[in-house]
Amino acid sequence: MSSQTWASRFLQQVRGVNPFDGDCLPSRVSLFGFGRPTLPFPHLWNYKDPIKIFQTFYWDVDKETGSGKHNRYIYVAGLPPVLLTREPAVIKAVLSATGEKPGQFDRDTSPTAGIARATGEDSLLYSNGAIWRRQKRMSAEPFSRSNLFQPEKFHGFEQTFRKTVAKRIDALRARQQATGERTVRIALEPEIKVVMLEMLVNNFFGGSVAYEELRDRYVPSIVLLIDHMISDTVAPTSLALYDMFTGRNAILKQKRADFEALTDIALAGRAEGLGLWSQFKSDATNDALRSNIRVFLAGAMEATTSFAAWALSHLAHAPEIQEQIYQEVKDMNVYDPDNLASAVTLNRVLEETLRLTPALYFLPRRATVDTWIETADHRKMFMPKGTHLRLDVWHANRCEEFWGKEVTGYPADTFAPARWEFLAKKGITSKDMLHFGFGHGPRFCPGRYLGLLEVGLVVGAVVKVFKFKAVTERTLAKSGVSTKPADAVMVDLELRT
């Protein structure tokens, strides 16, 4: 097959011809239908619930067979097709074939257009090609496991992290004690946001910003800007008119100024080698780094908040697992790699959280030329040039066929850290059973090891001091740039005695 023009694509669509080919042939999703969760594309009334949009692709999919149950596409108006896949083998094949070589995939930038307008187009998140390679080289060393966990470097870094978390836990303890009640009802997610931003700004970048200023000024500014980035991606023209007529432009101007001020603070430590700036080797100017710093501040706060919030939310529904973690961390005063590795239950909770409720719930790619992919079991799929791919990690990890009882010992849609013990006994590790919690392939998340360290520390510290129980029987998900518990991790918090 060869690349198609608008006219040939339109004719193919009218005739109902499948533009894909091969052993993993996807099936077509009807644009309209009754009883579905929503329409299978974003619009002004559903764009804040992308997981529901993805769910629509699999509505009534049982009538399909083979790969058609897991690989679905829409094709309309002469535009290139949009392929949504929840098949892990296909997701892995696409992620592994991401790059600049002929036949490889670029990151599809359309879902992050609003982010680029707010943070810059030359960031590690948004850019492709030579710009992305340069950004990756600059970030590789500071974020690497070998650098973060070198003993002579790690202990001082870990101590500052631990002190930051300890102060916040002490404040939470004091607030609980002041009530005079055995338990206090509290939403943990807002607390987590500030802790995560504090660790990034003060510990990682060597800044010195008061907790209260982070809580009252910088976190609200970033949260509002992230919400604006999402809206600006889906409906930029409508949003611009809305902002103008409602006077919100003035508010956005102030929030952007706050974001720039925080970026200046993060960059200020570079000249003195504060925090982990001492590990950053580059002759790039501060101006050349601004986009990445903005993305890092907003994105890392958002992603690590999602990760920690979900872990605590799951544990709030599982007091027996809380108790197992408590036994592992009650005497732990240093969260070094060896100690963290010895906390088996805690690590299984983190893996299971990344599987069931990943912050990065989908990964976007685009076929730059007519492309064939091949899965590890030697099945092939042809994708025409211009195809927009949505690698649906959220539903891949909840599909019974891939992660269910027959494969992992537990139902796919339940939180079960013990499934990792079941898999280990079969000789299967998280490297074999990819949950894509940090992506995969050349564009995997560079902050993987930092994120695991931060979240492991926060979750371990909370469990060490408190017992906590979910207020609601079931916690739903909300999604935007990342996913989070819809109830903001509302719990009844009780001090351990």
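The values are calculated or read from the model by the stated rules, or taken from the named source; none is laboratory data. This structure is a prediction, so every number in the text was calculated from the model and none was measured. As a convention, Cβ positions derive from the backbone with ideal geometry for all residues, glycine included, and neighbour counts pool all protein chains shown. Areas reflect the complete protein model, heavy atoms only, side chains present, ligands, DNA and RNA absent. Shrake-Rupley method; radii C 1.70, N 1.55, O 1.52, S 1.80 Å.
Key figures for this structure:
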item: Candidate residues Cys445, Cys24: accessible-area rank, largest first, probe 1.4 Å; result: Cys445, Cys24
item: Assigned charges on the beta-carbon of Lys, Arg, Asp, Glu; the chain dipole about Cα centre (debye); result: 580
item: Crossing angle, helix 286-295 versus the chain [Cα axis fit, 0-90 degrees, rounded to tens]; result: 80
item: Selection from Leu188, Val369, Leu312, by position along the positive dipole direction of the chain (Cβ); result: Val369
item: Projected label distance in nm at Asp413 and Glu272, using a 7 Å step from Cα toward the beta-carbon; result: 5.3
item: Residues listed by number, the range 461-493, amide nitrogen under 12 Å from Lys52 label point at 7 Å toward C-beta; result: 477-479
item: Which of Asp122, Asp338 is most accessible, then next, and so on - probe 1.4 Å; result: Asp338, Asp122
item: Cα long-axis angle, helix 344-356 against the chain (0 to 90 degrees, to the nearest 10); result: 40
item: Filter on Lys426/Lys469; Lys136/Lys484; Lys69/Lys405 - keep pairs with C-alpha separation over 24 Å; result: Lys426/Lys469; Lys136/Lys484
item: Contour excess over end-to-end distance, with Cα ends at Thr285 and Asp216 and 0.36 nm allotted per residue; result: 21.8 nm
item: Phe204 - accessible surface, heavy atoms, 1.4 Å probe, Å² rounded to 10; result: 10
item: Nearest 10 degrees, 0 to 90: helix 6-15 Cα axis against the chain principal axis; result: 80
item: Rule-of-thumb Rg ratio for the range 342-497 [Cα; 2.2 N^0.38 Å; N residues]; result: 1.20
item: Surface accessible to a 1.4 Å probe, Met244 within the full protein complex, Å²; result: 110
item: Selection from Thr345, Ser8, Ile325, by position along the positive dipole direction of the chain (Cβ); result: Ser8
item: Antiparallel %, DSSP beta bridges [both residues in the chain], to 5; result: 80
item: Net +/- balance of residues flanking Glu260 in space, Cβ distance below 14 Å, scoring K and R +1, D and E -1; result: +3
item: Cα-based shape type of the range 161-318, given that a ≥ b ≥ c are square roots of the gyration tensor eigenvalues and the cut on a/c is 1.5; result: oblate
item: Potential extension, Glu400-Phe444 segment - 0.36 nm per residue separation minus Cα distance; result: 13.3 nm
item: Value of [θ]222 nm, deg cm²/dmol, for the chain, DSSP H segments ≥ 4, -39500 (n - 2.57) each, nearest 500; result: -14000 deg cm²/dmol
item: Computed E for Ala424/Ala7 - FRET, C-beta separation, R0 51 angstrom, nearest 0.05; result: 0.40
item: Ordering of 6-17, 314-325 by burial proxy (mean other Cβ atoms within 10 Å per residue, highest first); result: 314-325, 6-17
item: Beta bridge orientation in the range 354-466: antiparallel %, DSSP, nearest 5; result: 90
item: The range 408-480, dipole about Cα centre (Lys/Arg Cβ +1, Asp/Glu Cβ -1), debye to the nearest 20; result: 80
item: FRET efficiency, 1/(1 + (r/R0)^6) with R0 41 Å, evaluated for Leu241 and Leu25 via beta carbons; result: 0.45
item: For Lys385, solvent-accessible area (1.4 Å; no DNA, RNA or ligand), Å²; result: 100
item: Accessible-area order (highest first, 1.4 angstrom probe) of the listed residues Thr233, Thr183, Thr483; result: Thr183, Thr233, Thr483
item: Computed FRET value (nearest 0.05) for Leu39 with Ser110, which takes r as the C-beta separation and R₀ as 30 Å; result: 0.95
item: Dipole of the range 425-467 [Lys/Arg +1, Asp/Glu -1 at C-beta], most positive-end residue of Tyr449, Phe466, Phe438; result: Phe466
item: Cα-centred dipole magnitude for the range 30-91, charges only on beta-carbon of K, R (+1) and D, E (-1), debye, nearest 20; result: 100
item: For the range 55-100 and the range 227-299, distance of Cα centres in Å; result: 33
item: Separation of the Arg117 and Asp492 label points, Cα + 7 Å toward Cβ, nm; result: 4.6
